[in-house]
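J.: Below are the structure tokens for one structure; questions will follow.
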Amino acid sequence: MIKVRNVTYGYKKENDILKDITIDIKDNETIVVMGRNGSGKSTLGKLISGIIRPKEGKILIDDLDIADKKNKEEIRKKIGIVFQNPENQIIFNNIKDELSFALKDLKSEEVEKRIHEVLSKVHMEDKIKDDLYELSLGQKQRIVISEILAKHPKYIVFDEPTTMIDSKGKEKIHNIIEELKKEGYTILYITNMAEEILLADRILILDNGRIVEEIKREELLDKLQVMEQYDIKIPVLLEILQELKKEKFEINLKDYSVQELVIKLKEMIKK
């Protein structure tokens, strides 16, 4: 479990980016963090992944304090982060070289096995001999995700990973995250994309550096006005389900993945 306790981050009290943040991220849970630009979403992701340290408060990763330098290596094994621009996280030109570098502490035969395993998870195994400069941004992002997975983390922070990617690439990454959820990864997903709300078990809304709303997945249809209040665009799928709910068609969002919801919706409309 990740525990964030009374965390504040910034340089001057009146200009703190995050203010007194307290949350628990349970094992196997996917939390989506949303909010206006400048609300502190990316800062929260960097704090939890250990890139920066709180000014006040504590962050514990499986009871390991991020602020304690002796925990740095252990925490680095437990958590990985994927940023907006994959090109900022890629070092080598060749895919195999990139993944081999991430696994440099393993024996060569184990490295080979792990590379094939993680490329399969992101559906890029046929690209193993390709150079990274030949890939689209979406494909590069999938390679970055595979590099994170190669280290076998327990937790993954996604910081707006689809912002720079076309719609086809977005869909592929959504599907990968759905698969990672099923495999039991604990995910913190930072986004401003409406359709990505449905990846969540819980949604946290940040505003002016504070958590102003916490919404469970099954509460979404009852909280659409709350989200609109903070300029969060509502996915078309949720708008349709809300209208169907008015006509007494009930659906529990907690029970379905995004793909399953689409199938269920089609069935409901046919009826």
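The values are calculated or read from the model by the stated rules, or taken from the named source; none is laboratory data. Quick caveat, the model's predicted, so the values are computed rather than measured. Cβ placement follows ideal geometry from the backbone for every residue including glycine, while neighbour counts extend to all protein chains displayed. To get the accessible areas, we keep the full protein, side chains included, count just its heavy atoms, and leave off ligands, DNA and RNA. Shrake-Rupley method; radii C 1.70, N 1.55, O 1.52, S 1.80 Å.
J.: Mind checking which residues of the range 163-198 are farther than 20 Å from L238 by Cα, free of Cβ contacts under 8 Å to residues at least 60 places away in the same chain and crowded, with 17+ Cβ neighbours inside 10 Å?
T.: Listed by number, the residues that qualify are I165, G169, K172, I173, I176, L180.
J.: Just give me the residues in the range 75-94 being in a helix (DSSP H, G or I) and touching a Leu at 6+ places or on another chain (Cβ under 6 Å), in sequence order.
T.: The answer is I75, and nothing else.
J.: Give just the number: which of (1) more than 20 Å from the chain's Cα centre (by Cα); (2) at pLDDT 95 or above; (3) closer than 17 Å to A150 by Cβ does K107 not satisfy?
T.: (2)
J.: In this structure, does L221 turn out to be in contact (Cβ under 8 Å) with a residue 24 or more places away in the chain, part of a helix (DSSP H, G or I), more than 29 Å from I21 (Cα to Cα) and out of contact with any strand residue (DSSP E or B) (no Cβ under 9 Å at 6 or more places or on another chain)?
T.: For L221, the condition - in contact (Cβ under 8 Å) with a residue 24 or more places away in the chain, part of a helix (DSSP H, G or I), more than 29 Å from I21 (Cα to Cα) and out of contact with any strand residue (DSSP E or B) (no Cβ under 9 Å at 6 or more places or on another chain) - is not met.
J.: For the range 77-114, how many residues are farther than 15 Å from L132 by Cα and either in contact with a Pro (Cβ under 9 Å, 6 or more places away or on another chain) or among the hydroxyl-bearing types (S, T, Y) (or both)?
T.: Adding up the residues that qualify gives 8.
J.: I've got another one for you. So, of the residues in the range 10-46 that are part of a strand (DSSP E or B) and hydrophobic (A, V, I, L, M, F, W, C), which turns out to be surrounded by the fewest Cβ atoms within 10 Å (Cβ to Cβ)?
T.: So the residue we want is I23.
J.: Continuing with the same structure: Return yes or no: is L220 open to solvent by less than 70 Å² (accessible area, probe 1.4 Å), of a type outside the set (S, T, Y), farther than 27 Å from M1 by Cβ and over 17 Å from the mean Cα position of the chain (by Cα)?
T.: Working: open to solvent by less than 70 Å² (accessible area, probe 1.4 Å): yes; of a type outside the set (S, T, Y): yes; farther than 27 Å from M1 by Cβ: no; over 17 Å from the mean Cα position of the chain (by Cα): yes.
Considered against the rule, which asks whether it is open to solvent by less than 70 Å² (accessible area, probe 1.4 Å), of a type outside the set (S, T, Y), farther than 27 Å from M1 by Cβ and over 17 Å from the mean Cα position of the chain (by Cα), L220 comes out as no.
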